[in-house]
Amino acid sequence: MKKQFLNLKILVAMTLLAALTGCGADSGNSAAAESASGQQAAPQKVYKWKMVTTWPKNFPGLGTAAENFSTMVGKMSGGRLEVKVYGAGQLVPAMETFDAVSQGTAEMGHSSAYYWKGKTRASAFFTSVPFGLNAQEMNGWLHYGGGMALWNELYEPFNLVPLAAGNTGVQMAGWFNKEINSLADLDGLKMRIPGIGGEVMSRLGVEAVNIPGGELYTSMQTGVIDATEWVGPYNDLAFGFHQVAKYYYYPGWHEPGPTLELIVNKQAFNSLPEDLQAIIEGAARAVNQDMLDDYTAHNYLALDELVNTHGVDVRPLPDEVLAELNRITQQVLEEIAAEDPEFKKVYDSQKAFQEQAIKYHKISEQAYYRARELK
Ligand code: CA
């Protein structure tokens, strides 16, 4: 708490400095328009904003969602709000996205909340936790189940307004160069798997490491790691993992419905007229769904190519392994909740929502998937 308070004080000081020096949130200029009669119409203020991201520029799905948001906002606002998108490293390094937006270096950022677990561990719940909500359930929880209020509360001390802006859907368990037929096969495995999923794996004897996306192909090729998770067929095919791994395991138990976030500097957001604020919220909501649609359509095509053109061996993780991963996940979540009240608050909310969702989805989504298979 003390550290958070200190961060808050620094933020307040920086914000005041930005206001005094005229730098920061509002970098707009005014464009006066003249009417046909020669009279000057009310000037249209044009806001020129920067968006930093944790993805390479135009990276399939993740990077293109940021571009789509920018295009949409430009059109919806009639050019009054211009958002220039920067890929990872172009303005600030990927992992400085949160701080850059918090401090107003950029007005917005597009990233994943669970990258910021060093700021607040509860951020994990706003991306995805193992055996947690799928995309449909995440959207329900965020927008109608109290999730957004908790997210706003969590990011308030960081001077940020969060919005959901994308979802990959259920990911894959990952690419493996060793067969996983039992729990014993996990022992000694070296795998790239970040976050709570990595913590769970490490309790089963896995050496869980985090390596940036760009280094994964070589790490697999040279045997530095035996396995890696990334996203799903759409993104994994683009990275060429099928050239350096033997088996493609499913399902992505560790990331069942990862949400992407749009973070907005609070002063910048508050400086906008109400209609532009609504445009940001509306465009984020549209991109949130659009990205899932993009993944849904492209994952099917990419999986087909992986299997039928590249002969990839696609396998399910054994039930025994999944059941144990689930059991340990609950243990890890409970342990963190016991020592972190902020984490516990969000955990309790999401857990309660999930219990209800499971009850209903058993007789709706799940029953329908099963019915579809009956012939
Ligand atoms: Ca992943």
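Taken together, the values in this text are just the output of simple stated rules run on the coordinates, not laboratory data. Bear in mind the structure is a predicted one, so any value in this text is a computation, not a measurement. Backbone-built Cβ (ideal geometry, glycine too); neighbour counts: all protein chains shown.
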With the crude spin-label approximation of a point 7 Å out along Cα→Cβ, what separation in nm comes out for Ser271 versus Ala371?
5.4 nm
Most to least packed among 82-91, 295-304 [average Cβ atoms within 10 Å]:
82-91, 295-304
Within the set Lys75, Lys246, Lys190, GNM on the chain using Cα springs under 10 Å gives the largest fluctuation to Lys75
Label Glu334 and Asp293 with points 7 Å out from Cα along Cα→Cβ: what is the distance between them in nm?
4.3 nm
Identify which of Gly282, Gly252, Gly195 has the largest mean-square fluctuation in a Gaussian network model of the chain, with springs joining Cα atoms closer than 10 Å.
Gly282
Per residue, how much space in cubic angstrom lies within the convex hull of the C-alpha atoms of the chain?
165 Å³
Based on the mean of other Cβ atoms within 10 Å per residue, sort peptides 285-291, 215-221, 104-110 so the most packed one is first.
104-110, 285-291, 215-221
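Quick check on packing: order 127-139, 312-324, 198-210 by the mean number of other C-beta atoms within 10 Å, highest mean leading.
127-139, 198-210, 312-324
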Provide the gained length on full extension for the span Glu355 to Lys178, in nm with one decimal, where the gain is 0.36 nm per separating residue minus the Cα-Cα distance.
60.2 nm
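Explain nothing, just the number: relative contact order of the chain, from Cα pairs under 8 Å at least 6 residues apart, as a whole percent. The partial results should precede the final answer.
Working: 638 pairs, mean separation 77.3, N = 375.
Result for the chain is 21 percent.
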Take every DSSP beta bridge with both residues inside the chain and express the antiparallel ones as a percent of the total, to the nearest 5.
50 percent
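Using Cα pairs under 8 angstrom and six or more residues apart, how large is the relative contact order of region 80-125, in percent?
Averaging sequence separation for qualifying contacts and normalising by length gives 21 percent for region 80-125.
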Which value, to two decimals, describes the C-alpha radius of gyration of region 54-94 once divided by 2.2 N^0.38 Å?
1.20
Length gained, Asn326-Gln136, 0.36 nm per residue minus C-alpha separation, equals 66.4 nm
Assuming 0.36 nm per residue, please report the length gained on full extension of the stretch Glu153 to Arg315 beyond their Cα-Cα distance.
54.2 nm
Treat every Asp and Glu Cβ in region 155-311 as -1 and every Lys and Arg Cβ as +1, leave all other atoms uncharged, and give the resulting dipole magnitude about the Cα centre to the nearest 20 debye.
340 debye
Cα-based Rg (one decimal) and Dmax (whole number) for region 229-375, in Å?
19.9, 59
Write down, largest first, the equivalent ellipsoid semi-axes of region 168-224 in whole Å, where each equals the square root of 5 times an eigenvalue of the alpha-carbon gyration tensor.
17, 15, 12
Tell me the mean residue ellipticity at 222 nm calculated for the chain from its helices only (DSSP H runs of n ≥ 4, each -39500 (n - 2.57), averaged over every residue, nearest 500).
-15000 deg cm²/dmol
